[in-house]
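Written out below as structure tokens is the structure these notes cover.
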Amino acid sequence: MVNETGKPIEILLADGNPLVLSAMSEVFERDPRFSLMATSATAEGFLGLAMRVPVQIGVIDWNLPALGGAKLIEVMRDQANAPRIVVYGDDNSDAARQAMSAGAAAFAPRSSPVEKLIGTCLDVAAGKMVFPFLDVRKLRDDPIETLSRKERAILEALATGMTNRELSKELGISTNTVKFHLSNIFDKLSVKNRAQAIAYFYSSKAQSSG
């Protein structure tokens, strides 16, 4: 399978694990249906490559350092001719649902055979969205709705770029209390840091307005 011009599907790869990145590179380099343009070990590196070398497909690790998959996808949405993103992640987490919410085109579990990843990329290049079975009821249940009024206020303020100290002054609470609330917010949203929390907030907001 090739693209509409009859040429191989151009692809970028990004993974924080050098062994995984090397293995994926070898697989795609051997497949004549693809043209591997470049690889990166970081989200920032992938973003730079995608801006310089427009391609059809990008395969990324959901926990890609340092921005993370959700934030990278959010940034990519603002880029002209951005590649369609296939998230290659662990299937024992909530990553598939989060990837879908963030705007990825597909999710391929790392536990599946490599042929599954290849097939997913071919389907995405053909314009399809590919995700493992997801409980639609869970997709409709926005975790942001589980936040307390105080936590929601902190998340909204956090999304404006405020630091912990600024949040403390804005909300009239100590910085330690801010950290406590942020920890609870991260747990409820299943994110690891403030960047991912902000990305999740804007993704949820965009879905609600849509």
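With axes computed from alpha carbons, what is the tilt in degrees of helix 149-158 against the longest principal axis of the chain, rounded to the nearest 10 within 0 to 90?
Computed tilt is about 60 degrees.
At what distance in nm do the modelled label points of LYS7 and SER174 sit from each other, each positioned 7 Å from its Cα along Cα→Cβ?
That separation, rounded to one decimal, is 6.1 nm.
So what is the relative contact order of region 68-135, in percent, for Cα pairs below 8 Å that sit 6 or more residues apart?
Numbers: 82 pairs, mean separation 20.8, N = 68.
It rounds to 31 percent for region 68-135.
Using a basic spin-label model with each label point 7 Å from the Cα along Cα→Cβ, how many nm lie between GLU166 and LYS116?
4.2
What length, rounded to one decimal in nm, is gained on full extension from GLU44 through to VAL27, with 0.36 nm per residue of separation minus their alpha-carbon distance?
3.8 nm
Using a Gaussian network model of the chain with C-alpha springs under 10 Å, which one of MET100, MET76, MET162 is most mobile by mean-square fluctuation?
MET162
Hey, rough spin-label estimate for LYS205 and MET51, points 7 angstrom out along Cα→Cβ, what's it come to in nanometres?
2.2
Hey, got the dipole for region 142-209? About the Cα centre, +1 on K and R Cβ, -1 on D and E Cβ, debye to the nearest 20? Walk me through the numbers on the way to the answer.
Values: 10 positive and 7 negative charges, 34 e Å.
Charge dipole of region 142-209: 160 debye, to the nearest 20.
If contacts are Cα pairs under 8 angstrom and at least 6 residues apart, what is the relative contact order of the chain in percent? Provide the component values of the computation, followed by the final result.
Details: 315 pairs, mean separation 32.2, N = 210.
Relative contact order for the chain comes out at 15 percent.
Where nothing but the Cβ of Lys and Arg (+1) and of Asp and Glu (-1) is charged, how large is the charge dipole of the chain around its Cα centre, in debye to the nearest 20? Please report the intermediate quantities before stating the final value.
On the way: 24 positive and 24 negative charges, 108 e Å.
Taking the Cα centre of the chain as origin, the dipole is about 520 debye.
Subtract the Cα-Cα distance of PHE186 and LYS150 from 0.36 nm times their separation in residues, and report this length gain in nm to one decimal.
Working: separation 36, 0.36 × 36 = 12.96 nm, distance 1.40 nm.
Taking 0.36 nm per residue and subtracting the Cα distance, the gain is 11.6 nm.
Mean-square fluctuation check for the chain, GNM, Cα pairs under 10 Å: which of ALA126, ALA96, ALA197 is largest?
Taking springs between Cα atoms under 10 Å, the residue moving most is ALA126.
Taking only Cα atoms and a 10 Å spring cutoff, compute GNM fluctuations for the chain and point out the largest among GLY103, GLY172, GLY48.
GLY172
No lab work stands behind these numbers, since they all come straight from the coordinates. None of the values given here were measured: they were computed from a predicted structure. Every residue, glycine among them, receives a Cβ derived from its backbone with ideal geometry; neighbour counts consider all protein chains shown.
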